[in-house]
Each structure stands twice: as C-alpha cells, then as structure tokens.
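Student: A single structure is presented below for examination.
The values are calculated or read from the model by the stated rules, or taken from the named source; none is laboratory data. Being a predicted model, the structure only gives us computed values, none of them experimental. Positions of Cβ are generated from backbone atoms using ideal geometry, with glycine treated the same way; all protein chains shown enter the neighbour counts. To get the accessible areas, we keep the full protein, side chains included, count just its heavy atoms, and leave off ligands, DNA and RNA. Shrake-Rupley method; radii C 1.70, N 1.55, O 1.52, S 1.80 Å.
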Amino acid sequence: MGKNRSAPAKGPRGGRAGLVLSLGSSALAVVRASKQVRRARGTHDKLSTADAVAGMLPLITSAALVLRQLRGRKQQNPEAA
C-alpha cells in the first residue's frame with residue numbers, strides 16, 4: 001500500500017512555522033545552487049553547468065510543494081492568516 005501524500009503533514013514540519021522554515025531552507029539552497037551555476041558557466045564547462053542546473057531542479061520542486069501546502073492551509077483557515 002502506497003503512502004498517502006495528500007494527508008496533512010505531521011511532526012515538526014506539520015505546523016505553519018515548520019513549513020515556513022522548510023520554505024526558507026529551500027530558498028537558501030536554491031540561492032547556493034544558483035551561485036554554483038554561475039561559477040560553472042564562468043568556466044565554460046558545459047558538463048558542470050548541466051550538473052549544477054540538474055541539482056537545482058529538486059530544490060525548486062520542494063519549494064513549490066511547500067508553497068502549495070502553505071496556500072492550502074491559508075485557504076482552509078482564512079481567519080488565521
């Protein structure tokens with residue numbers, strides 16, 4: 001039986017503060033990865049650039065997932081925002 005990904009998150013990341021913290025760490029990781037992309041482009045090494053760009057994709061995806069969870073919570077509890 002598969003894991004139900006639409007169920008509310010539990011544990012330390014389940015609350016709004018945890019989601020915001022997760023979003024912040026994802027944003028910081030994207031900034032670091034973008035610096036790596038700039039360094040790789042500066043060396044004109046296509047393989048290093050491709051590797052750096054590929055490394056950014058999961059970071060961007062995780063940030064988008066956290067944003068979607070935060071928006072969903074905001075729509076469920078508009079008075080708490």
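Student: Looking at this structure, is residue 75 open to solvent by 90 Å² or more (accessible area, probe 1.4 Å), assigned to a helix (DSSP H, G or I), without any contact (Cβ under 8 Å) to a residue 40 or more places away in the chain and of a type outside the set (A, V, I, L, M, F, W, C)? Can you show your working first?
Tutor: Details: open to solvent by 90 Å² or more (accessible area, probe 1.4 Å): yes; assigned to a helix (DSSP H, G or I): yes; without any contact (Cβ under 8 Å) to a residue 40 or more places away in the chain: yes; of a type outside the set (A, V, I, L, M, F, W, C): yes.
Yes.
Student: Pick from the stretch 10-56 the residues that are touching a helix residue (DSSP H, G or I) at 6+ places or on another chain (Cβ under 6 Å) and open to solvent by 80 Å² or more (accessible area, probe 1.4 Å): which of them is farthest from residue 75 (Cα to Cα)?
Tutor: 41
Student: Here is a further query. On the given criteria, is residue 59 free of Cβ contacts under 8 Å to residues at least 60 places away in the same chain, of a type outside the set (Gly, Ala, Ser) and surrounded by 15 or more Cβ atoms within 10 Å (Cβ to Cβ)?
Tutor: So residue 59 fits the description; yes.
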